[in-house]
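Reviewing the structure listed below.
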Amino acid sequence: MTSEMKEITNAKNYVLTETGQIYNRTTCQPVQTMWNHRLRKPYSRLVNDDGVRVRVYHDRLTAETPQMDSEGLLDLPEYPDYQIAPHGAVWRLRSRKNLSPVLMRTFDKSGKQYVQLTDKAGKRKTVSIEHLLEIAK
């Protein structure tokens, strides 16, 4: 590895070049760079050493798998497959594909954070994090 390339923690198959591009060492192909408008910085999505697809910010260079801290998680009565942390992180406890908890992706709309969840009846709904914190038990 040359001195211009920086290794990415917990993702040995990827490197960041001095030009700011992440490359996959296995395929020798560049990884798509995206822009986070809220944080105003570039990131890429890649598969870390644990086999989990993660978002890596180019200024941080760590590809760690999010860990669920079960302490303080609150149940959501309308959404039995999910729990929410007091700071607003929403976790899906189980699904057909994953038997382990998954951190749900949020999106920004009109200055508020929203997440898409499936209710008891199986319907997908877009719900604000603020509303989920209000109904959490």
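The values are calculated or read from the model by the stated rules, or taken from the named source; none is laboratory data. This one's a predicted model, so the numbers in the text were calculated from it and none came from an experiment. All Cβ positions, even for glycine, are placed from backbone atoms using ideal geometry, and neighbour counts span all protein chains on display.
Looking at the range 48-56, is at least one residue at positive phi and free of Cβ contacts under 8 Å to residues at least 24 places away in the same chain? First the steps, then the outcome.
Our first condition is that a residue be at positive phi; within the range 48-56, this holds for 51.
Those still in the list that are free of Cβ contacts under 8 Å to residues at least 24 places away in the same chain too: 51.
Yes; the residues of the range 48-56 include at least one that is at positive phi and free of Cβ contacts under 8 Å to residues at least 24 places away in the same chain.
Can you tell me how many residues within the range 25-45 are charged (D, E, K, R), in a loop (DSSP other than H, G, I, E, B) and without any contact (Cβ under 8 Å) to a residue 40 or more places away in the chain? Show your work before the answer.
As a first pass, look at the range 25-45 and keep what is charged (D, E, K, R): 25, 38, 40-41, 45.
So of that shortlist, the ones also in a loop (DSSP other than H, G, I, E, B) come out as 25, 38, 40.
Narrowing further to those that are without any contact (Cβ under 8 Å) to a residue 40 or more places away in the chain: 25, 40.
Here the count works out to 2.
Looking at LEU39, LEU46, which is the one that is aliphatic (A, V, I, L, M), modelled with pLDDT under 85 and touching a strand residue (DSSP E or B) at 6+ places or on another chain (Cβ under 9 Å)? Can you show your working first?
On the way: LEU46 fails: modelled with pLDDT under 85.
After ruling out the rest, the residue left standing is LEU39.
Results for (1) in the same structural domain as LEU39 (by TED's automatic domain parsing); (2) more than 21 Å from ARG45 (Cβ to Cβ); (3) at pLDDT 80 or above, shown as yes or no for each residue.
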site	(1), (2), (3)
ALA85	no, yes, yes
GLY88	no, yes, yes
TRP91	no, no, yes
ARG96	no, yes, no
LEU99	no, yes, no
ASP108	no, no, yes
ASP119	no, yes, yes
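Being farther than 30 Å from GLN113 by Cβ, surrounded by 10 or more Cβ atoms within 10 Å (Cβ to Cβ) and not small (Gly, Ala, Ser) is true for just one of MET5, MET34. Which residue is that? Don't jump to the end; show me each part of the working.
Numbers: MET34 fails: farther than 30 Å from GLN113 by Cβ.
It is MET5.
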